[in-house]
1. Is the shape of region A:140-191 best called rounded, prolate or oblate, per the rule: a/c under 1.5 gives rounded, else a/b larger than b/c gives prolate, else oblate, with a ≥ b ≥ c the square roots of the Cα gyration tensor eigenvalues?
2. About its Cα centre, what dipole magnitude does region A:242-328 give when the only charges are +1 on Lys and Arg Cβ and -1 on Asp and Glu Cβ, stated in debye to the nearest 20?
3. What is the extension gain from A:A189 to A:V757, computed as 0.36 nm multiplied by their sequence separation minus the C-alpha to C-alpha distance, in nm to one decimal?
4. Per-residue HN-Hα couplings for region B:221-229, Karplus 6.51 cos²θ - 1.76 cosθ + 1.60 at θ = phi - 60°, whole Hz, x for Gly and Pro?
5. Taking amide hydrogens as modeled 1.01 Å from N in the peptide plane, which residues meet the under 5 Å criterion relative to A:M200, leaving out close sequence neighbours?
6. Separation between the B:W71 and A:R602 pseudo-spin-labels, each 7 Å from Cα along Cα→Cβ, expressed in nm?
7. Spin-label point model (7 Å from Cα, Cβ direction): what's the A:Q770 to A:K39 distance in nm?
8. When a footprinting reagent is the concern and you count Cβ atoms within 10 Å, what order do A:I473, A:I384 take, fewest first?
Amino acid sequence: MDFLAPLFAAIGVAAASIPVVLHMLRRAPTQDMPFSVVKFLKPSRPKLTKRSNIEHWPLMLLRILALVLIGLAFARPFLREVIPLDLQDDVVQSVTILVDKSASMRRDGIYEKVQQTIRETVDELGAQDLLSIALFSNTSRTLLSREGWATATADERAAMVEGVVQNYEPSWMATDTGTAMRMAADELAQESKEWRNIKMRRLVLITDFQRGSDLDELKSGKWPANVEVELKTIEPTKKGNVGVTFVNDRRADRIRVRVSSAGDSVQQEFALQPFDAGGAAVGKQIKVTVAAGQRRSLILPAADPQAGKTIVGVELQGDDHPFDNVIDLPEVENPVVKVAHIGPAAMNDPESMRYYLQRVLDGNVERDVQLGDLVKGDGVVLPIPVDVNFVVVTDAVPPALLSSVSEFLDRSGTLLVAPPSVDAVLSLKKLLPKNFNAIEADVDEYAMLGNIDFEHPLFSTFSDARFADFSSIKFWQHRNLVLPQTTQPGVRQVGGHTNSVSVQPDGSPSDKAVQAAVDGSAENPQDGICSIVAKFDSGQPAIVEVNTGEPGRIIVFATGWHPTDSQWALSTRFPPLLTRILSLASPAQKEQIQQTVGDVIRPGELVSSDKWTVTYPDGTTVRWDMPLSNSTTPAVLLNNQDNVDLSPQPVTRPAKEQDTITLDQPGRFTVTGTTEDGKYSVSLIAGLAASESRTEMLPLGQLQVLGIGVESDVEAQLETDNSSADETTRGQLSANDLERKQKWWRWLLLAGLGCLVLESLWASAIERRQTAEAA
Amino acid sequence: MSTPSQAPGAPAMSFMDPRVVMSIRSLELRAKVVVEGFRTGLNKSPRHGFSVEFSEYRQYAQGDDPRFLDWKLYARTDRSYIRLFEDETNLRCYIVADFSRSMSFGSLEYTKHDYGRTIAASLAWLLNRQGDAVGLSLFDEQVRMVVPARYRPGQLRRIMVTLEEPTSGRETNPEHALEHAARRLNKRGFVVLISDLLAPVENFEAGLKLLRGCGHDVVVFQVLDPVELDLKIDGPKLFEDLETGQKIYADPNDASEAFVQRITEHNDAVQAVCEKLGAAFVRTVTNEPLELTLSGFLHARRSRR
């Protein structure tokens, strides 16, 4: 019989002598006695008597037996079992080498050690053993299969292993060690059924075992009992690491980054250096002090707009491991949005529309909006500045401004016309479609909005039933907008409804034209399309969007929002509507999406196009020019095709996902979609997973904590000794397996506890008897 | 009710066995039995004729307070007499009883506490029957309960109920109790201290000195258990002090000689202090008849006159 922990057996045997000694000693019996004058007593020395004869022999033997049995149980005994020799030739061990290739493996000194460890592990295998090698980061990929290994010759095997070693290159992905181990273990356990002579299944994990390794998958189920794990940790030449990551800030005009230091970092002083698109430094370095295991967030100072440089990234300096020290940043838009106003420059007149316009724009919390008047109080007229995308007209446009407005529309500007009179509409007649006209409406008491197209972008934010009630706004007066009518009844679909009609282009406000306007929108193929967004309860157009054929657009209200015309400015619906028009005119930001390396995207959905091109940070371009339905057609790779192919895609991928792209490196990806309207680009900024910066090593016992049988050095040594001492023990199961299988400790512990129970009963019986005799 | 058993060392007279007396549950009844037994045996007692009070006329002498002249007698006899003991019939007596934990020791069927409060109850009953004002004060390390000295209906009952209190406290300090009694007695009175007096003599001497200095008569009863005098216990024991919790392992065979010597020295010191300060001292052991204790009390009173 052998013991896994012989120390406990020795302790049990040594403890057996204690009852013998105690049974031979007898302390003078004492009895407590309350007394009133203890202070007058002189203490006596307690008397111990040594007896040459032992009383209660059976009791003493029971006590000795209990101690010995419990000691033996804790020593975890087992009996050696020998497997017949004739089976030895068939004994095969199946080994899977799982190699970490996550971004944290890019640290200095790891690459060479991984290659060396792979070679050493393979050299330990016998000729009959099976081998599989897989690399993993957030996904795993098998590079060398067992089937290939089993059928290869010795030379071929050496070449295969060397090929794997030479092709090993860390990626930029995060680490999902748990999933990779689970998949490899399941594969090993499954193979044991196919290869009946496999007696040992081993998973060799070569990894830096950093704290950012995701082991959660290992908690999800029971680890296969017949798969042992051998953990081979790789350490870099220098410990510690600091990484920088981008953090979303509530405000779009500032950049926040987080500097995280690993728990084993030594350095504390670092510097952040922003850089521009050319890689040149922008501004001064920012000193950062971060203690080991701590994180710190800070806002980068804005670049000087006068210098004309834009910050596109930031580099962390002072760290020994640069793999996570450079990140790309979203471009910060101009924080001030300029809006031009054509109308009376009465800033404090509550009867004017500008008064309410100013207050709505001032209340914008997302951006600072600057409202400027083009028509000064002294009659001076200014052209529309080039950095203005939104112009509001609240009075007749001076003729001198018309050319500037036209140029503004050519620049994709948005013109909002809120005419307080018919003249205001007619002043823009040159810019409006032919025969677009307006007459003063005859309003009976008041008018209300009766029909609103909530699928139009202007009103889409009000589409929820809670916000769709505009009936409380009363219009005291408005203009009837007479829309042009074409000879051909062109119909335009707006939001799935046929709410557009063609209007006769006779230029006169005929009933027929009005009726046509009531029915929907009008279209003039030569001059533009009019879409009625909202109508009064009388059926007259209230809001019309005019597409003049130029890139810009004109939104015409049939009334003003000042108190003379309506209660509109006092309504809670008014500020959101104007803000919505502003956001459509000046999009908040060039679309930039933050991603993490390893994310899989669908470029077609991002740009709403079947034809798209993805530009990688390193300049690689991938183009897709086939319809989505034809998903089996692969993307056309223009440059550096091999690089894309090395991305850690799953080994098998459904055909419907062929139109996806994996962001396999940090940096800025650009997705450009081509539609009938032109090209549309989306910028994706892929950052390294923050978990990769947590490079301090996990406790080596972490896997045992998760219930995984990791082969310890002691057991490995035990088996080595046994194999060298006696050839016949070659076929033995490991000591741990034998002990686990036989479980002698349970019976020994049970017997020991039984002895203790018997001893208690016996002792109490003796005491009762003595008490009775004394009485 | 009487039994022929006699306490060791007691005179060959018929007294009630203290075990029988102590077996009576009601303290009031127990006191009544003791006092009546004492009175019954009074005729046969060699101490016959003594009483707590008696009246006497003395011829007026120069210097006497003329308020105490008995004018009726003067009218009948034409002689001036003074009623000397009228004030003594209104004697104010305080019984100061020790209720510390050391009193809860007893090697017999009852403790010193039981014995002591029976003495207190008997004295209270006796004095109350004589028309004296009786008060009670219980103490351990400080004064715990006080029944002011009164002569009125219900006073005896209050005293009996108060005497039912259990023992308490971690030490014995008679000095506080005696000082307290001295403050309560605003004119000359009579104080009975019932305690085992096992505390240091200094504690008790200061209070006694104060009482005597105020002119009060003091009778000290030292109540002891027989074991506290001779340590006759079988086998070694782990003795635990009832007040301090101190534990000492001692074998009476070895320790009794030194113990007897120490306790004797202590008791002698207590008695010497009482005699020095003019206080009557009665040492009573709990196996002695209670009647002897009462007669000892009367003897002490008489000797103080």
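1. Oblate shape, in that a/c is at least 1.5 and b/c is the bigger or equal ratio.
2. 440 debye
3. Result: 200.0 nm gained on full extension.
4. 9, 9, 9, 10, 8, x, 5, 5, 9
5. Under 5 Å from the amide H of A:M200: A:V92, A:S94.
6. Label at B:W71, label at A:R602, 13.1 nm between them.
7. 3.6 nm
8. So the ranking, lowest neighbour count to highest, is A:I473, A:I384.
Just so you know, all these numbers are worked out from the coordinates, no wet-lab data involved. In this text the structure is predicted, and so the values were computed from the model without any measurement. Neighbour counts run over all protein chains shown; Cβ positions are idealised from the backbone, glycine included.
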